[in-house]
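First the structure, in the form of structure tokens, and then the observations on it.
The values are calculated or read from the model by the stated rules, or taken from the named source; none is laboratory data. All figures in this text were calculated on a predicted structure; none of them were measured in a lab. No Cβ is skipped: glycine too gets one built from the backbone with ideal geometry, and neighbour counts run over all protein chains shown. Each accessible area value is taken on the protein alone, full model and side chains, heavy atoms only, with ligands, DNA and RNA left out. Shrake-Rupley method; radii C 1.70, N 1.55, O 1.52, S 1.80 Å.
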Amino acid sequence: MKSKGISIREIIIITFGMLLVASGVYFFMIPGNIVAGSVSGLALVLSKLSGIQVSVLTFILNAFLLIIGFIFIGKEFGAKTVYTSMLLPVYLWIFEHFMPINHSITNEQVIDLVIYVLLIALGQALLFHVNASSGGLDIVAKMLNKFTHIEIGKALTISGLITAMTSIFVYDIPTLIISLLGTYANGAAVDYFIDGFKKRKRVCIIADDYRPIQHYIIHELNRGATLYTAQGAYDQTHRTELITIITQQEYRLLLNYLHTCKQKVFVTVSTVNEVIGQWNVK
């Protein structure tokens with residue numbers, strides 16, 4: 001499949017996603033001493049042992065894994081992850097110099113963990129949605145997802161367990177347990193958010209004249225459609241049933257269009273959790 005390059009929309013999503021990730025790391029993971037399964041968590045441990053800044057160690061570790069991503073996942077993914085890998089240490093550097101903190105904002109490690117997981121999971125889900133990652137262990141998870149076809153969240157959990165276990169070298173047993181729980185919760189939250197992005201609407205429409213609706217779906221929404229012959233049980237009339245798979249936003253546009261039609265339509269709608277293969281005409 002030919003790469004289409006990185007669009008402005010994807011750049012905005014990636015930039016915002018990385019802001020969420022960096023905020024979770026700096027404001028909640030680091031002061032909360034949470035070593036959840038991530039390169040940032042490993043960098044935190046190494047920083048405690050070596051005295052090197054977290055931003056510097058994060059950059060070094062990300063650079064190594066980025067090369068692996070280019071080799072095994074592809075140039076498009078690698079190019080986007082180059083951008084995110086540059087953004088994370090930049091965001092951390094900005095936070096370190098302009099918003100320095102040396103203690104937990106909430107003073108509760110469990111609360112820090114919950115907020116961290118929600119922020120970073122949403123950020124990671126946004127990145128994976130546009131075929132990017134925050135770098136680090138996300139690259140390892142993406143490789144597991146690509147070659148074993150396990151869900152990306154479960155891949156994140158697997159790849160992060162070893163990193164989370166390194167917390168025992170600089171922290172106590174409760175911190176280790178919190179870190180392991182955080183790693184598991186992060187993977188589950190990523191799968192939850194990604195499932196939301198994947199959901200589509202399967203819309204079945206029966207109308208006296210399906211052709212204007214078909215034209216709108218194909219030429220305005222740029223989506224495909226399938227036609228079936230249906231026979232009404234009450235009046236035995238043959239009609240054409242039109243079926244299409246569309247996004248949530250496109251579903252709202254289609255409903256608005258159907259309300260303007262000068263004919264009676266019968267519509268049924270169901271939720272599709274995943275679509276595999278070509279389902280549009282873009």
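Condition check for Phe147 on (1) over 15 Å from the mean Cα position of the chain (by Cα); (2) modelled with pLDDT under 80: one failure, at (2).
Among the conditions (1) under 19 Å from Leu61 (Cβ atoms); (2) over 17 Å from the mean Cα position of the chain (by Cα); (3) not in a helix (DSSP H, G or I), Gly182 misses just one, which is (3). The condition (being under 30 Å from Ala125 (Cβ atoms) and open to solvent by 50 Å² or more (accessible area, probe 1.4 Å)) is satisfied by just one residue among Tyr210, Tyr234, Tyr228, Tyr192: Tyr192. Scanning region 130-156 for residues that are touching a residue at least 40 places away in the same chain (Cβ under 8 Å), under 18 Å from Asn62 (Cα atoms) and not charged (D, E, K, R) turns up Asn131, Ala132, Ser133, Ser134, Gly135, Gly136, Leu137, Ile139, Val140, Met143, Leu156. When region 183-213 is filtered for residues that are out of contact with any Asp or Glu (no Cβ under 9 Å at 6 or more places or on another chain) and closer than 30 Å to Val25 by Cα, the ones remaining, listed by number, are Thr183, Tyr184, Ala185, Asn186, Ala188, Ala189, Tyr192, Phe193, Gly196, Phe197. Residue-level check: of (1) at pLDDT 85 or above; (2) closer than 23 Å to Pro174 by Cα; (3) not in a helix (DSSP H, G or I), Pro100 misses just (2).
Screening Ala185, Ala207, Ala189 for residues that are touching a Gly at 6+ places or on another chain (Cβ under 9 Å) and in contact (Cβ under 8 Å) with a residue 40 or more places away in the chain leaves exactly one candidate, Ala189. Residues that are among the hydroxyl-bearing types (Ser, Thr, Tyr), open to solvent by less than 50 Å² (accessible area, probe 1.4 Å) and under 19 Å from the mean Cα position of the chain (by Cα) within region 58-116 comprise Thr81, Thr84, Ser85, Tyr116, listed in sequence order.
Yes/no matrix, rows are residues, columns are (1) in a strand (DSSP E or B); (2) over 30 Å from Ile194 (Cα atoms):
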residue	(1), (2)
Tyr228	yes, yes
Asp235	no, yes
Glu241	yes, yes
Gln249	no, no
Val267	yes, no
Ser270	yes, no
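When residues in region 162-175 are screened for being touching a residue at least 24 places away in the same chain (Cβ under 8 Å), assigned to a helix (DSSP H, G or I) and open to solvent by less than 70 Å² (accessible area, probe 1.4 Å), 5 of them pass. Within region 105-118, none of the residues are touching a Leu at 6+ places or on another chain (Cβ under 6 Å), of a type outside the set (A, V, I, L, M, F, W, C) and in a loop (DSSP other than H, G, I, E, B).
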